[in-house]
Amino acid sequence: MALSEHDSGARRKDGIPASWYVIALVVYVTIGYFTKSVLLNWIMGPLFLLVMLYIIPTVIRGIVTKARTRLVE
Amino acid sequence: MSWAAHEFENYFIQKHIGTKASFIGVVLGTQLPDMFTKAFVYTADDPAAFHRGWPGVGFSHSLLFGVVFAVAILAITRSRGWALGVLIGHWAHVLTDVADTAGVMIFFPFSTEPITISMWKHAAVEGRYGDAAAYYSSLGGVWDLFWLLVTVIFAWRALTPSYFREIVIPADPYVWGWLHRTFRLPERGLLLLYQGLMFYGLGRMIAWFLYARFDAQAPFDPSWGGPEYVQGNDISDAGWVEVLVRTSIGGALFVGFMWLCWKVFVKRLWERGYDVPAAVRGTGIHAVLELPSSARRRAEKSPDGDVKQM
């Protein structure tokens with residue numbers, strides 16, 4: 001698999017802090033407990049970690065960067 | 001039925017197959033028995049008999065069902081890693097489900113006798129939520145905990161970024177590469193996708209356990225064959241001698257049938273299949289599993305003694 005330079009940078013960091021996993025687990029169990037059919041299923045369940053620790057932070061970072069750029073302009 | 005155990009066992013298997021089978025294939029295999037049937041189980045008149053018996057969809061929990069899928073995948077994709085992954089994953093699911101009262105028809109169609117050690121009750125008759133409450137009030141929940149501990153203690157390395165990079169991706173570079181390109185996921189994203197199943201297993205184990213204790217308020221009954229408040233769901237009333245005889249005959253016929261299939265066409269399919277460059281197969285059991293002795297055997301055979309550790 002050909003990895004981009006951005007990916008190589010991520011490789012050097014090697015891993016995600018354990019505390020992030022714990023936070024994601026607490027959020028998952030809390031939401032899952034109250035909305036069982038939404039998260040406690042085989043589609044949303046395995047994807048939750050990716051959504052919580054990669055997709056949401058990436059989207060937020062993108063929005064913040066865009067907002068900062070606009071402010072500077 | 002087992003719940004989170006089917007998620008945890010994937011990583012335990014991964015630790016023992018190394019680059020010899022695809023992790024995604026293993027995941028597909030472990031989900032295969034319930035993939036097309038589980039949705040109908042809770043609405044069936046007799047859920048246990050429908051899920052594990054014959055007539056019903058119990059054939060999905062037989063060893064032959066996994067073989068049929070694995071051979072089909074080998075014939076279509078020619079990928080040995082995928083075929084092996086699906087087979088190992090499926091068989092792991094089947095063997096794990098031996099522990100509930102409904103059991104599994106391991107040697108179907110050569111024997112329709114379910115094999116069970118009746119550790120906890122198959123409680124699908126209670127509906128999905130009732131099933132969860134019963135499972136996490138019985139030895140079923142302990143079974144999940146057992147698999148979690150086994151995975152964390154003996155296969156923790158399989159969850160690390162370096163293992164994912166050096167073993168999991170090289171074992172299936174095409175699919176991980178496709179995910180990387182199609183969804184623009186960097187290695188960090190792929191790692192989270194890989195670890196997601198472990199996370200899901202742990203998360204749902206805790207959430208359903210809390211549901212059983214505080215919402216359903218089901219009595220905690222980790223006794224053999226519990227919980228007592230659920231109706232018995234044995235789908236066979238045969239005595240142990242009858243089970244032993246029928247299973248022995250079924251097992252012998254199954255082995256004979258497998259041998260015949262191997263000689264007639266599976267061997268040919270295997271030989272025309274391909275391995276990814278990272279997969280180093282030994283002979284016998286070392287062709288499938290990455291055991292400590294596999295590396296030693298390679299070292300003995302290799303003239304320069306260059307051994308790649310898995």
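Things worth noting here:
- Per residue, the convex hull spanned by the Cα atoms of the range A:18-72 measures out at 95 cubic angstrom.
- Cα gyration tensor shape for chain B, rounded if a/c is under 1.5, else prolate or oblate: oblate
- Rolling a 1.4 Å probe across the protein heavy atoms gives the protein assembly as shown an accessible surface of 49 Å² per residue.
- Helices in chain B that qualify as membrane-span-like (whole DSSP H runs, Cα extent of at least 27 Å along the helix axis, mean Kyte-Doolittle hydropathy of -0.5 or higher) are B:187-210, B:240-261.
- Kirkwood Rh and Cα Rg combined as Rg/Rh, the range B:78-118: 1.12
- Once the C-beta distance of residue B:262 and residue A:71 is scaled by a Förster radius of 51 Å, the resulting FRET efficiency is 0.15 to the nearest 0.05.
- Residue among B:164, B:209, B:238 farthest towards the positive dipole end of the range B:124-251, charges placed on Cβ: B:164
- Between B and A, accessible area buried - total, square angstrom, nearest 100, 1.4 angstrom probe: 3000
- As a rough guide to protection, the peptides B:17-27, B:34-44, A:48-58 ranked by mean Cβ packing within 10 Å, highest first, stand as B:17-27, A:48-58, B:34-44.
- Over the range B:183-273, the pair-distance histogram of Cα-Cα distances with 5 Å bins from zero comes to 3, 9, 8, 9, 8, 8, 11, 17, 13, 9, 4, 1 percent, rounded to whole numbers.
- Protein accessible area in the range A:18-72, 1.4 Å probe - carbon and sulfur %: 79
- Among the residues of the range A:33-49, those with an accessible-area drop of 50 Å² or more from chain alone to full protein complex, heavy atoms and 1.4 Å probe, are A:33, A:36, A:40, A:42, A:46, A:49.
- Partners for residue B:263 among aspartates and glutamates (Cα-Cα distance below 18 Å; same-chain residues under 8 apart left out): B:271
- Residues A:35, B:96, sorted by accessible area with the largest first, give A:35, B:96 [1.4 Å probe; ligands and nucleic acids excluded].
- Heavy atoms of residue B:126 accessible to a 1.4 Å probe, total area in Å² rounded to 10: 80
- Gyration tensor (alpha-carbon) shape descriptor, the range B:195-238, a/c threshold 1.5: oblate
- For residue B:138, the residues whose modelled amide H falls within less than 5 Å of its own, excluding neighbours fewer than 5 places apart on the same chain, are B:221.
- Taking all protein chains as shown and a probe of 1.4 angstrom, residue A:20 keeps an accessible surface of around 100 Å².
- Portion, in percent, of the accessible area of chain B that falls on carbon or sulfur, probe 1.4 Å: 66
- Considering helices alone, the calculated mean residue ellipticity of chain B at 222 nm is -17000 deg cm²/dmol, with DSSP H runs of length four and up weighted by -39500 (n - 2.57) and normalised per residue.
- The value given for the protein assembly as shown is a Kirkwood hydrodynamic radius of 22.5 Å, derived from the mean inverse Cα-Cα separation.
- Which of B:3, B:178 is most accessible, then next, and so on - probe 1.4 Å: B:178, B:3
- Computed from Cα atoms alone, the Kirkwood hydrodynamic radius reported for the range B:39-160 is 15.8 Å.
- Under-5 Å amide H pairs with residue B:115, H placed in peptide plane, nonlocal only: B:104, B:105, B:106
- Rolled with a 1.4 Å probe across the full set of protein chains, the surface gives residue B:112 an accessible area near 50 Å².
The values are calculated or read from the model by the stated rules, or taken from the named source; none is laboratory data. The structure presented is a predicted model; accordingly, all values stated were derived computationally and were not measured. Backbone-built Cβ (ideal geometry, glycine too); neighbour counts: all protein chains shown. Just the protein is used for accessible areas: all its heavy atoms, side chains included, with ligands, DNA and RNA removed. Shrake-Rupley method; radii C 1.70, N 1.55, O 1.52, S 1.80 Å.
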